[in-house]
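See structure below.
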Amino acid sequence: MTKIKKIVSTPPGKKIILLGNEAIARGAIEAGIGVASTYPGTPASEIGDTLYHLSYFYNFHFEYAVNEIVALEIAAAAAISNIRSLVSMKHVGLNVAADAFMTLAYVGVNAGMVIVSADDPFAYSSQNEQDNRHYGIFAGIPVIEPSNPQEAKDFTKIAFEVSEKLKEPVLLRTTTRVSHMSAPVTLGEIIKRQETPKFIRDVKRFVPVPAHARELHKRVLENLEKAKKISEEIEINRLIINENSKIAVIASGIAINYVLDSMKRLRVGMNVLALGMTHPLPENKIVNFLTDNKDKEILIVEELDPIVEDQVKRIAYEHKIPARILGKRDKLLPMYHELNPDIVTFAISKILKIQPPINLEAIEKIRTEIISKIPRRPPVMCAGCPHRATYFAVKKALDGRDAIFTTDIGCYTLGIMPPYQIGDVLLCMGSSIGMANSFSEIFKNEKPVLAFIGDSTFFHAGLPALANGVHNGHKFIVTIMDNSTTAMTGHQPTLNIEYQLRDRKTKSIKIEDVVASMGIKNVKVVNSFVVKKLIDAYKEALEYDGISVIISRGKCILVTLREMREKGQKVIPFEVIPEKCTGCRTCVDELNCPAILWKDDRAQIDPFLCSGCGVCAQICPYHAIRRRMEHDNDT
Amino acid sequence: MTTTHNIDELNISFVGVGGTGVLTAAHLLAEAALLENLNVVIGEIHGMAQRGGSVFCEVRIGENVHGPIIPIGKLDILVGIEPLETLRYSYKLHKKSYVLINTYTIPPPSVSIGKEHYPSLEEIENTLRRFTPLIYKINAAEIAKKTGSLVTMNIVMIGAIAGLRILPIDANNFIKAIKTYFPEKYHEQNIKAFKLGYENMSENIT
């Protein structure tokens, strides 16, 4: 039974193991959402993916949006029209959606709206470690932080209720460890909402021209006062009273678990104020906690920035409580990367002046020693990845000529690794083309500028940057790495493919048509697995005076392999003809496919790893690689 | 160790290479634990894990476990679906931890192209012995081949840990978990893999 079937068929009151993100999706279903949207991004992706599948079973509209701001606007329009809605994104996605987010706080919503931001401490799969709780404070929107999958589900429901009470959206902030933690979750009843879409025209509220905006800003602040009262009473801000040690702890989100794990390990009891709602804070509860624990050191444990910590200090100051508040400002806990039980155990031991159960430094030394002696296993482009031949062709066409390579967000960012080393600069989604506008101007007489962007990223943020380039007469080469999927986040659909939604088929938008419509004349669509045509396209583009767009089109190999499995087809791998291989290492050093091995001074192809793309056979200078005969394929 | 439901804390880590079923193995164990009415927490990291990357997944079982991260020195069972990765994640072991290694190696690309050296199994074992003497080896690839495909290596490993008889989970609950976790057409193959792994390890320890 697949997970989706389990989520649908398990009766309320029963437990199933859910990923934090799946639990958020189930929470949204239990809250009776009518609309949901997302743009995929790790660690948020599974929320949208689960909702997409669940939309076949429940009565709500789901769509993958072109980017996060459109996703947020889709959800906002629904919530303004009295339909509960949820939008999910990774932390940096909220930067994209921030323009809508900030003003949505002014106009507010009618039905509940939950905006999920999945933050990524340690930047496991991100370009930064920003703490999006700042956005709640920034916009004046309440922030709720679950600490495990059960809470992820329950707090999502609570977030809808809070949102409806205040008529403001609520920011549900998870971190990678909450989103990607699985545990048994007891399912709840699904609310059947009698929803009639209702939009009552009210320009003073919904059209924030300056005169209206000035009034609406006051509304935000009034709502925050109401939110404070909710924060005082809400059960998710709870006290865990545990016999006395010299420390009392205020913690939020995943960090609550590390505090509880540390208490057990150190066999010390501590009073803990566990915060599920971290903006606005329950000031009275905090004042009482500080007063009740006035003889103790107060330790604040939270993921990333000292947001609760700074506010607790402010509250203590305003209430003239002489508490000793410890945490990140005094460097007891780090402000970078993620917390873990060991860091928290260590900090508590330090305050209590007891011997920590582990010698972190000694273990780190052993770990470093072991790791330094063994080969690394970094992420690599898969055997048969369509991006590989594109990068190979770029190198060949440039033939040693210097160039600036602007890259973007996707699997193809791995082009920065040897031997290709294609990818000199990256900021965010779409920055490859955005920055190419300027690099190509600054270095126009010196070197070519080549931008690399995936199909999903192109639609997300590449379009305006490319229009800018055309309009301002820049000269650069854009490669749209069209693998027809959002591969890195788990193969979500893109705007250029057709797929089935609950009640309709999506329409495919052809990238070549879009690009041509901007007036770009040199547009080439090339098969990502045909090396010679790729090289020719790049040679031509390097000579072209103006913007060239090369659409390198080849399906993600993981999608191809899945489709082949479903059809019962077998991969027919390639092989090296031993008597023809001269040991020149072109395939090993320049193509660098993980299926190509080096043994006894000759190349070999691992038949298990080879996906049969055939690129190596095209680039071998001695024609020493061929497809295996089908009857050989007994592997 | 006898089976008990008052298990306080048991931490198991699965490590290996992306695409070899590390996460599946961990989730199967968790499902079996839930069938045993045990509290369980799984911690994993997704994304940027294309096929071939280093992957780990942590399972924590017991009444009093909270977070998804196993503290250092609290890892009770390390299940290495690939030897090199077993070594990479060994730093959380304690003196009485069990280590189960699949001897089937998957060389990283740098080794495949002759730029780096893959340590011998002996070297790997010697390093692991710095932490614990309780090291068990199994050739899960050989056993998986008997089920028709290498893809069941991870299930063979699950069978092997069950065969060690240190988990508070009945073997039947693993079989039940396999049935709820996989589509029906894969039941027979996976149950066979589990049983072969179980028998192999049972013989190994007696």
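The values are calculated or read from the model by the stated rules, or taken from the named source; none is laboratory data. In this text the structure is predicted, and so the values were computed from the model without any measurement. Here Cβ is always computed from backbone atoms with ideal geometry, including for glycine, and neighbour counts include all displayed protein chains.
Among the residues examined, residue B:185 qualifies as at pLDDT below 95, over 16 Å from residue B:22 (Cα atoms), in a helix (DSSP H, G or I) and within 14 Å of another protein chain (Cβ to nearest Cβ). Within the stretch A:190-207, the set of residues being touching a His at 6+ places or on another chain (Cβ under 9 Å) and either among the basic types (Lys, Arg) or surrounded by 10 or more Cβ atoms within 10 Å (Cβ to Cβ) (or both) comprises A:204, A:205, A:206. Taken together, the residues in the stretch B:103-144 that are more than 18 Å from residue B:78 (Cβ to Cβ), assigned to a loop (DSSP other than H, G, I, E, B) and in contact (Cβ under 8 Å) with a residue 24 or more places away in the chain amount to 2.
Candidates in the stretch A:576-616 are the residues that are modelled with pLDDT of 95 or more and among the polar types (S, T, N, Q); of these, the one that is surrounded by the most Cβ atoms within 10 Å (Cβ to Cβ) is A:611. Scanning the stretch A:440-463 for residues that are in contact with an Asp or Glu (Cβ under 9 Å, 6 or more places away or on another chain) and of a type outside the set (Val, Ile, Thr) yields A:446, A:447, A:448, A:451, A:452, A:454, A:455, A:458, A:460, A:461, A:462.
Matching residues to (1) more than 22 Å from residue A:363 (Cα to Cα); (2) not β-branched (Val, Ile, Thr):
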site	(1), (2)
A:258	no, yes
A:262	no, yes
A:309	yes, yes
A:312	yes, no
A:333	no, yes
A:342	no, yes
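Is the stretch A:519-538 home to any residue that is over 22 Å from residue A:617 (Cβ atoms) and of a type in the set (Gly, Ala, Ser)?
Yes, the stretch A:519-538 contains a residue that is over 22 Å from residue A:617 (Cβ atoms) and of a type in the set (Gly, Ala, Ser).
Quick check on the stretch B:67-82: of everything there that is buried (at least 23 other Cβ atoms within 10 Å of the Cβ) and either touching an Asp or Glu at 6+ places or on another chain (Cβ under 9 Å) or facing chain A (nearest Cβ under 8 Å) (or both), which residue is nearest to residue A:356 (Cα to Cα)? Ranking the candidates gives B:71 first. Comparison of A:315, A:321 shows that the only residue that is assigned to a helix (DSSP H, G or I), in contact with a helix residue (DSSP H, G or I) (Cβ under 6 Å, 6 or more places away or on another chain) and not assigned by TED's automatic domain parsing to the domain that holds residue A:178 is A:315. The set of residues in the stretch A:96-129 that are away from every other protein chain (no Cβ under 14 Å), surrounded by fewer than 23 Cβ atoms within 10 Å (Cβ to Cβ) and within 12 Å of the chain's Cα centre (by Cα) comprises A:128, A:129. In this entry, residue B:203 is excluded by the filter for residues that are of a type in the set (Asp, Glu), surrounded by fewer than 17 Cβ atoms within 10 Å (Cβ to Cβ) and within 13 Å of chain A (Cβ to nearest Cβ). Of the residues making up the stretch A:340-375, those that are in a loop (DSSP other than H, G, I, E, B), among the aliphatic types (A, V, I, L, M) and facing another protein chain (nearest Cβ under 9 Å) are A:358, A:374.
If the condition is being among the charged types (D, E, K, R), without any contact (Cβ under 8 Å) to a residue 60 or more places away in the chain and within 14 Å of chain B (Cβ to nearest Cβ), then the stretch A:245-289 contributes A:264, A:267. Residues in the stretch A:555-592 that are farther than 24 Å from residue A:624 by Cβ and either away from every other protein chain (no Cβ under 14 Å) or not charged (D, E, K, R) (or both): A:555, A:556, A:558, A:559, A:560, A:561, A:563, A:564, A:567, A:568, A:569. Residues in the stretch B:1-15 that are within 24 Å of residue B:193 (Cα to Cα) and modelled with pLDDT of 95 or more: B:11, B:12, B:13, B:14, B:15.
Please find, among A:95, A:132, A:59, the residue that is farther than 23 Å from residue A:186 by Cα and out of contact with any strand residue (DSSP E or B) (no Cβ under 8 Å at 6 or more places or on another chain). Only one candidate passes the filter, namely A:95. Checked against the criterion of being assigned to a loop (DSSP other than H, G, I, E, B), within 21 Å of residue A:88 (Cβ to Cβ) and either not assigned by TED's automatic domain parsing to the domain that holds residue A:558 or not β-branched (Val, Ile, Thr) (or both), the candidates A:490, A:473 yield just one match: A:490.
Scan the stretch A:13-39 for residues that are hydroxyl-bearing (Ser, Thr, Tyr) and part of a loop (DSSP other than H, G, I, E, B) and the total you get is 1. One residue stands out in the stretch A:505-551 among those that are in a loop (DSSP other than H, G, I, E, B) and among the polar types (S, T, N, Q): the one that is nearest to residue A:467 (Cα to Cα), namely A:508.
In summary, residue A:568 fulfils each of the numbered conditions (1) modelled with pLDDT of 95 or more; (2) more than 27 Å from residue A:416 (Cα to Cα); (3) not basic (Lys, Arg) with the single exception of condition (1). Residue A:310 - would you say it is part of a helix (DSSP H, G or I) and within 14 Å of chain B (Cβ to nearest Cβ)? In short, no. Find the residue count for the stretch B:119-153, including only residues that are closer than 30 Å to residue B:189 by Cβ and among the hydroxyl-bearing types (Ser, Thr, Tyr). Number satisfying all stated conditions: 4. All but one of (1) touching a residue at least 24 places away in the same chain (Cβ under 8 Å); (2) farther than 25 Å from residue A:493 by Cβ; (3) charged (D, E, K, R) hold for residue A:408, so report the exception by its number. Every condition holds for residue A:408 apart from (2).
Among the numbered criteria (1) within 30 Å of residue A:617 (Cβ to Cβ); (2) within 31 Å of the chain's Cα centre (by Cα); (3) in contact (Cβ under 8 Å) with a residue 24 or more places away in the chain, which single criterion is violated by residue A:497? Checking residue A:497 against (1) within 30 Å of residue A:617 (Cβ to Cβ); (2) within 31 Å of the chain's Cα centre (by Cα); (3) in contact (Cβ under 8 Å) with a residue 24 or more places away in the chain, the one that fails is (3). Working only within the stretch A:163-215, note down all residues that are among the hydroxyl-bearing types (Ser, Thr, Tyr) and either touching a strand residue (DSSP E or B) at 6+ places or on another chain (Cβ under 6 Å) or within 14 Å of chain B (Cβ to nearest Cβ) (or both). Within the stretch A:163-215, A:163, A:174, A:175, A:176, A:179, A:182, A:186 meet the criteria.
Among all residues of the stretch A:171-181, there is none that is assigned by TED's automatic domain parsing to the domain that holds residue A:29, farther than 17 Å from residue A:7 by Cβ and surrounded by fewer than 24 Cβ atoms within 10 Å (Cβ to Cβ).
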